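The values are calculated or read from the model by the stated rules, or taken from the named source; none is laboratory data. Here the structure is a predicted model, which is why all the values come from computation and not from measurement. Cβ sites come from the backbone with ideal geometry, for glycine too, and all protein chains shown count toward neighbours. Heavy atoms of the whole protein, side chains included, go into the accessibility calculation; ligands, DNA and RNA do not. Shrake-Rupley method; radii C 1.70, N 1.55, O 1.52, S 1.80 Å.
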2 protein chains.
Amino acid sequence: MKNSYNVKSKLALLVVIFFTYFGFSQSNDQEQIKKLYDAALTQGKGYDWLNYLSNQIGGRLSGSIQAQQAVNYTKSQLDSLGLDKVWLQPVMVPKWVRGTPEFAYFETTPGVTTNMAICALGGSVATPPKGIKANIIELGGIEELATLGKDKIQGKIVFFNKPMDPTQINTFNAYSNCVDQRYSGALEASKYGALGVIVRSMNLRLDDFPHTGSMGYGEQSVDDRIPAAAISTNAADLLSTSLKLNPEINFYFKQNCKQFEDVESYNVIGEIRGSSKPEEIIVVGGHLDSWDLGDGSHDDGAGCVQSMEVLNLFKKTGFKPKRTIRVVLFMNEENGLRGGTKYAEVANTNKEKHIFALESDSGGFTPRGFTFDSSDKDFDKIKSWKPLFEPYLVHYFEKGGSGADIGPLKKDGMVLAGLRPDSQRYFDYHHAENDTFEHVNKRELELGSASMASLIYLVDTYGF
Amino acid sequence: MKNSYNVKSKLALLVVIFFTYFGFSQSNDQEQIKKLYDAALTQGKGYDWLNYLSNQIGGRLSGSIQAQQAVNYTKSQLDSLGLDKVWLQPVMVPKWVRGTPEFAYFETTPGVTTNMAICALGGSVATPPKGIKANIIELGGIEELATLGKDKIQGKIVFFNKPMDPTQINTFNAYSNCVDQRYSGALEASKYGALGVIVRSMNLRLDDFPHTGSMGYGEQSVDDRIPAAAISTNAADLLSTSLKLNPEINFYFKQNCKQFEDVESYNVIGEIRGSSKPEEIIVVGGHLDSWDLGDGSHDDGAGCVQSMEVLNLFKKTGFKPKRTIRVVLFMNEENGLRGGTKYAEVANTNKEKHIFALESDSGGFTPRGFTFDSSDKDFDKIKSWKPLFEPYLVHYFEKGGSGADIGPLKKDGMVLAGLRPDSQRYFDYHHAENDTFEHVNKRELELGSASMASLIYLVDTYGF
């Protein structure tokens with residue numbers, strides 16, 4: 001009897017300890033997360049920061065004056081937050097300049113022309129000063145180059161018109177499935193003797209905005225490179241219809257963009273030093289550079305101010321992390337990834353121990369969840385946090401990619417994550433003239449910041 | 001042995017039957033739901049219907065010419081879908097007219113005035129033709145009337161300035177918590193001798209749009225009624241700050257809105273007759289009327305075209321329902337609920353058996369899920385469908401309200417449901433001049449239609 005009583009009482013004690021401990025810690029987490037959301041929605045600075053970045057500075061292409069202004073501005077704002085350390089990390093970045101506005105038209109019969117808005121793809125070479133005028137041939141994707149062969153393509157402008165697939169619920173999947181025509185279209189088409197490449201904009205909506213974005217020539221010699229540009233989805237449909245009526249259409253375009261020598265720029269970094277495990281570093285970031293057509297509000301001004309906000313929210317709610325929380329605003333994600341590469345290089349040189357990195361680079365829309373690049377064991381731990389996010393309608397916790405800038409940091413045992421906002425509107429604005437401040441909703445942006453801060457709070461509290 | 005073998009083999013057979021049946025039916029469901037989403041995103045008509053309702057017709061206040069045009073247009077579109085029956089259900093509706101544009105200013109010292117945009121609340125009486133000018137007093141809500149008492153309020157204009165709570169994740173909760181000042185503010189303030197009421201717009205964002213909405217005088221005699229109007233959130237903040245500097249501020253406003261005799265209007269109804277259980281009716285609907293300031297794209301043009309789309313998607317995908325699927329475009333949700341009341345009345349008179357009704361009246365934003373007004377048993381069945389929606393990022397299945405128009409249908413054993421789109425942007429546009437077509441995203445609207453069609457497909461297939 002005594003024995004049995006003892007066992008029972010010990011069991012009872014364990015049960016009490018278990019529930020006290022877990023009950024307590026869970027309610028603690030709920031409380032801290034509620035504080036973070038409340039602070040984001042009532043005292044957030046992110047929307048004002050984004051207003052400045054977008055409306056006072058504007059598009060921040062690597063190597064531009066605006067990119068440097070953005071470095072100065074975000075550093076000054078981080079300085080004002082009372083962090084333990086704020087610094088600039090030098091990095092050499094490519095400098096590509098669009099030049100004077102591009103011009104394009106198609107000609108159905110000699111003298112009968114229809115102008116269309118066009119934009120050079122980032123990294124493209126210029127056309128000859130007088131432009132290029134040639135017969136244009138429509139292709140449904142890069143793979144059709146081989147089917148048609150050199151005979152049909154030589155001496156022509158290739159028009160890649162593969163649309164994004166509207167049935168993809170995650171619009172980033174639709175993007176992945178056709179962005180090769182933008183990135184590699186010129187390189188591939190040049191092998192078949194094409195003179196230039198025109199790409200349908202990566203946009204699910206029918207509108208009049210051409211969308212730029214990076215393209216590459218690989219190791220191709222400069223003399224063999226052909227120019228590439230994008231036209232809007234409406235223009236692509238018009239051109240396609242016109243080609244069906246008259247396959248002899250000529251297309252004309254002119255652009256005088258130019259690649260300059262690399263210039264010095266910076267990653268902007270700030271940190272709150274950890275109280276008990278300062279050597280373990282948690283990174284949160286976005287990229288400070290943007291394309292030049294709009295003001296880069298969604299891509300990726302939003303991710304930058306959300307990342308800065310994480311540290312601001314910790315300060316506002318009085319949360320003192322055990323580990324070092326570092327915000328990194330990476331330079332040159334769009335056309336080089338030099339900032340992300342440099343950050344990882346320096347981290348390795350300094351033998352820094354990064355345990356977690358989170359990137360926000362999918363727009364400032366309502367947060368739906370996160371994707372994680374992690375071991376199964378770490379992912380099990382992460383999934384145990386999911387119920388804490390349900391009151392905030394953040395449901396999506398899946399394995400998947402994280403973000404381009406934090407990719408180079410990846411090491412065994414480290415967890416990378418990406419914020420996953422609602423993706424339906426993202427490609428309406430992506431890399432286009434209309435990626436502007438008024439298309440960011442204050443609350444949606446703030447809910448993203450709060451979700452990121454909550455996840456980082458949990459990683460800091462429970463580690464990996 | 002034999003016995004045991006028999007039991008085992010019977011069990012095995014049951015297991016095989018179970019998995020065959022449920023495996024089959026689940027993959028059937030997945031397939032049909034995928035068809036519905038694909039059709040919505042590639043062949044949906046909703047966005048074009050909404051374009052017409054918004055841009056060719058515009059705001060559709062009950063009793064207006066536009067409301068009648070909307071009845072005619074939606075009936076003609078339903079006629080074109082090849083449904084089994086399309087008809088108009090007559091209903092008498094109130095006719096309230098805004099009249100000439102309202103005008104307002106506040107006066108800090110005699111002759112020093114600041115104009116502000118203002119709109120009469122729906123159902124309000126007019127001011128005297130020369131307007132009302134009086135000292136204005138700010139209150140944080142209706143409950144402060146009793147605290148201040150008649151002495152402080154008599155002869156003044158009451159300014160209700162309780163803001164929506166930004167920390168509510170579901171913005172409809174923030175709305176519920178302060179809409180009493182709009183609906184009952186005039187009735188209550190008049191009991192303390194107020195001359196008129198000005199309300200802060202129900203909007204979480206700071207902008208310059210006044211938001212209208214319904215208000216009521218209950219049984220109050222016409223002579224005792226005082227006029228009520230809304231000012232924008234920016235104007236409310238300006239007025240509040242000015243009152244802190246100078247409590248003697250006078251406010252002036254003038255409006256000549258008017259309530260006319262009831263007029264005849266219609267619910268617009270169409271149905272696909274069920275193949276094997278036609279007597280069991282499933283309703284899907286939204287409300288066709290809207291306020292007059294914008295074009296009612298989100299409230300509730302979106303819900304109407306989504307409901308019409310459900311039947312269109314069934315036709316497009318070749319799905320033939322067992323039960324009768326009926327779309328109802330209710331008239332007069334905004335200021336009377338006459339359409340919803342009439343529909344339920346006729347259904348009762350005709351002893352129709354409604355098993356399910358779904359309303360979309362929370363905007364055309366990305367669908368997050370549904371709320372259900374049902375028994376626990378039915379809700380258990382509904383929850384078993386949840387995994388089918390996960391590929392479409394529709395996660396939220398909770399007990400809760402449904403929709404105002406379908407409320408009168410409620411009977412024991414019947415299930416009501418409401419579509420729950422993302423709510424963050426809804427009150428940016430709700431009842432204001434900027435509730436316009438360009439603020440509806442095509443894909444978000446279509447995902448809502450597909451989610452509704454999928455839920456109705458499941459209800460039709462499995463019943464309650």
Study note, to complete from the structure: Residue set B:Gly448, B:Gly403, B:Gly407, B:Gly413; condition closer than 20 Å to B:Asn173 by Cα, out of contact with any His (no Cβ under 9 Å at 6 or more places or on another chain) and not aliphatic (A, V, I, L, M); output residue B:Gly407
Revision key, fill the gap. Of the residues in segment A:367-389 that are within 14 Å of chain B (Cβ to nearest Cβ) and under 25 Å from the mean Cα position of the chain (by Cα), the one that is surrounded by the most Cβ atoms within 10 Å (Cβ to Cβ) is A:Pro367
Check your understanding: Which of the residues spanning segment B:171-208 are outside any helix (DSSP H, G or I), within 14 Å of chain A (Cβ to nearest Cβ) and of a type in the set (A, V, I, L, M, F, W, C)?
Key -> B:Leu204, B:Leu206
Point to revise | Selection from segment B:148-167 of residues that are within 14 Å of another protein chain (Cβ to nearest Cβ) and either open to solvent by less than 50 Å² (accessible area, probe 1.4 Å) or touching a residue at least 24 places away in the same chain (Cβ under 8 Å) (or both) | key: B:Pro163, B:Met164, B:Pro166, B:Thr167
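Quick check on B:Leu41: is it in contact with a Pro (Cβ under 7 Å, 6 or more places away or on another chain), crowded, with 19+ Cβ neighbours inside 10 Å, assigned to a helix (DSSP H, G or I) and at pLDDT 95 or above?
Criteria met by B:Leu41.
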Revision key, fill the gap. So, first residue touching a residue at least 24 places away in the same chain (Cβ under 8 Å) in segment B:370-384, second residue among the acidic types (Asp, Glu) and open to solvent by less than 70 Å² (accessible area, probe 1.4 Å), Cβ within less than 8 Å, six or more apart or across chains; the pairs are B:Phe372/B:Asp378
Point to revise | Residues satisfying the stated conditions in segment A:187-215, i.e. open to solvent by less than 10 Å² (accessible area, probe 1.4 Å) and of a type in the set (Gly, Ala, Ser) | key: A:Ala189, A:Ala194, A:Gly196, A:Ser201, A:Gly213
Revision key, fill the gap. Scanning segment B:412-456 for residues that are within 12 Å of chain A (Cβ to nearest Cβ), closer than 19 Å to B:Gly285 by Cβ and not aliphatic (A, V, I, L, M) gives B:Arg420, B:Pro421, B:Tyr426, B:Glu446, B:Gly448, B:Ser451
Study note, to complete from the structure: Only one of B:Ala126, B:Ala134 is over 30 Å from B:Gly418 (Cβ atoms), open to solvent by less than 30 Å² (accessible area, probe 1.4 Å) and either among the hydroxyl-bearing types (Ser, Thr, Tyr) or more than 14 Å from every other protein chain (Cβ to nearest Cβ) (or both), namely B:Ala134
**Study point:** Positions within segment B:106-123 being surrounded by fewer than 16 Cβ atoms within 10 Å (Cβ to Cβ) and within 35 Å of the chain's Cα centre (by Cα), in sequence order
**Key:** B:Thr114, B:Asn115
**Study point:** A:Trp96 in a strand (DSSP E or B) and within 21 Å of A:Leu187 (Cα to Cα)
**Key:** yes
Check your understanding: Within the bounds of segment A:358-370, is there any residue that is out of contact with any Gly (no Cβ under 9 Å at 6 or more places or on another chain) and farther than 30 Å from A:Leu293 by Cβ?
Key -> no
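Quick one: which strands (runs of 3 or more DSSP E) lie wholly within segment B:348-464 and hold at least 1 residues that are within 27 Å of B:Lys45 (Cβ to Cβ) and among the acidic types (Asp, Glu)?
B:353-359
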Check your understanding: Within segment B:38-61, which residues are over 26 Å from B:Glu333 (Cβ atoms) and either among the small types (Gly, Ala, Ser) or not assigned by TED's automatic domain parsing to the domain that holds B:His431 (or both)?
Key -> B:Ala39
Check your understanding: Within segment A:347-363, is even one residue within 14 Å of the chain's Cα centre (by Cα), open to solvent by less than 20 Å² (accessible area, probe 1.4 Å) and within 14 Å of another protein chain (Cβ to nearest Cβ)?
Key -> yes
Point to revise | Pick from segment B:279-324, criterion in a strand (DSSP E or B) and of a type in the set (Val, Ile, Thr), ranking: nearest to the chain's Cα centre (by Cα) | key: B:Val284
Check your understanding: Does A:Val394 fit the bill of being within 18 Å of the chain's Cα centre (by Cα), open to solvent by less than 10 Å² (accessible area, probe 1.4 Å) and among the β-branched types (Val, Ile, Thr)?
Key -> no
Point to revise | Criterion: under 16 Å from A:Gly213 (Cβ atoms), of a type in the set (S, T, N, Q) and open to solvent by less than 10 Å² (accessible area, probe 1.4 Å) - qualifying residue of A:Ser307, A:Ser297, A:Ser290 | key: A:Ser290
